[in-house]
1. Any idea which of (1) in a loop (DSSP other than H, G, I, E, B); (2) in contact with a Ser or Thr (Cβ under 9 Å, 6 or more places away or on another chain); (3) at pLDDT 90 or above is the one Lys145 doesn't satisfy?
2. Looking only at region 57-109, count how many residues are among the β-branched types (Val, Ile, Thr), outside any loop (DSSP other than H, G, I, E, B) and touching a residue at least 60 places away in the same chain (Cβ under 8 Å).
3. Somewhere in region 74-92, is a residue open to solvent by 30 Å² or more (accessible area, probe 1.4 Å) and either in contact with a Phe, Trp or Tyr (Cβ under 6 Å, 6 or more places away or on another chain) or acidic (Asp, Glu) (or both)?
4. Would you tally the residues in region 118-144 being open to solvent by less than 30 Å² (accessible area, probe 1.4 Å) and free of Cβ contacts under 8 Å to residues at least 24 places away in the same chain?
5. Within region 93-112, track down each residue that is open to solvent by less than 40 Å² (accessible area, probe 1.4 Å), in contact with a Phe, Trp or Tyr (Cβ under 8 Å, 6 or more places away or on another chain) and under 22 Å from Asn55 (Cβ atoms).
6. Does Val115 count as in a strand (DSSP E or B) and either at pLDDT below 90 or open to solvent by 50 Å² or more (accessible area, probe 1.4 Å) (or both)?
7. With Thr152, Thr83, Thr159 as the choices, which residue is modelled with pLDDT of 90 or more and over 12 Å from the mean Cα position of the chain (by Cα)?
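The values are calculated or read from the model by the stated rules, or taken from the named source; none is laboratory data. What you are looking at is a predicted structure, and each value in this text was computed from that prediction instead of being measured. Please note: Cβ atoms are built from the backbone with ideal geometry, for glycine as well, and neighbour counts cover all protein chains shown. The protein model used for the area step is the full one, side chains on, heavy atoms only, and it has no ligands, DNA or RNA in it. Shrake-Rupley method; radii C 1.70, N 1.55, O 1.52, S 1.80 Å.
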Amino acid sequence: SWSLAFGNLLAAVSNTVNLQAVSLIATNTVALIGHSTTSPMGVAGDYGVAYRSINNGANWSEVFASLSPSRMVSIVNVSATITVAVGIQPTTNYGLIYRSTDAGATWSLILTTSVVANLQSVIALSSTIALAVGYDANNYGVIYKTVDAGVTWSLIAATGSAVAHLPS
């Protein structure tokens, strides 16, 4: 049951972790992202983390812990093996996009935006196209797009108005 799975998750996750989002990646495989208030080296701050279960939440493993400040806030499954997570670098508010090509077992930082792009949400439109949205230093919306399942991302719009979340 999910209540048992949640208990197992709480036992696996440190009390310094703030969980932000969950995605069902494949049959029996679930990923959770968030940030820890302590780095893997014991430094205080915000550091992105990802957890994964391959048995419907019965057991959880930490599969990613950022060594640099980051907050992971939204996750989406793009295909059977490709998963994308977005967030921010907390001291600069530059956007961060992470990608997993093995159903959430490992993660790579794909993009750090070169300007403030406080990324808040990501949605897959197909197995190759996804959008990530957030806001810039003036609270105007920014939209990044991938057409190659998250390998590359381009800024496609600065909206002139706030955009923080995409409908799921």
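1. With respect to (1) in a loop (DSSP other than H, G, I, E, B); (2) in contact with a Ser or Thr (Cβ under 9 Å, 6 or more places away or on another chain); (3) at pLDDT 90 or above, Lys145 is out only on (1).
2. Here the count works out to 2.
3. There is no residue in region 74-92 that is open to solvent by 30 Å² or more (accessible area, probe 1.4 Å) and either in contact with a Phe, Trp or Tyr (Cβ under 6 Å, 6 or more places away or on another chain) or acidic (Asp, Glu) (or both).
4. 1
5. Ser100, Trp107
6. Yes: the conditions hold for Val115.
7. Thr152
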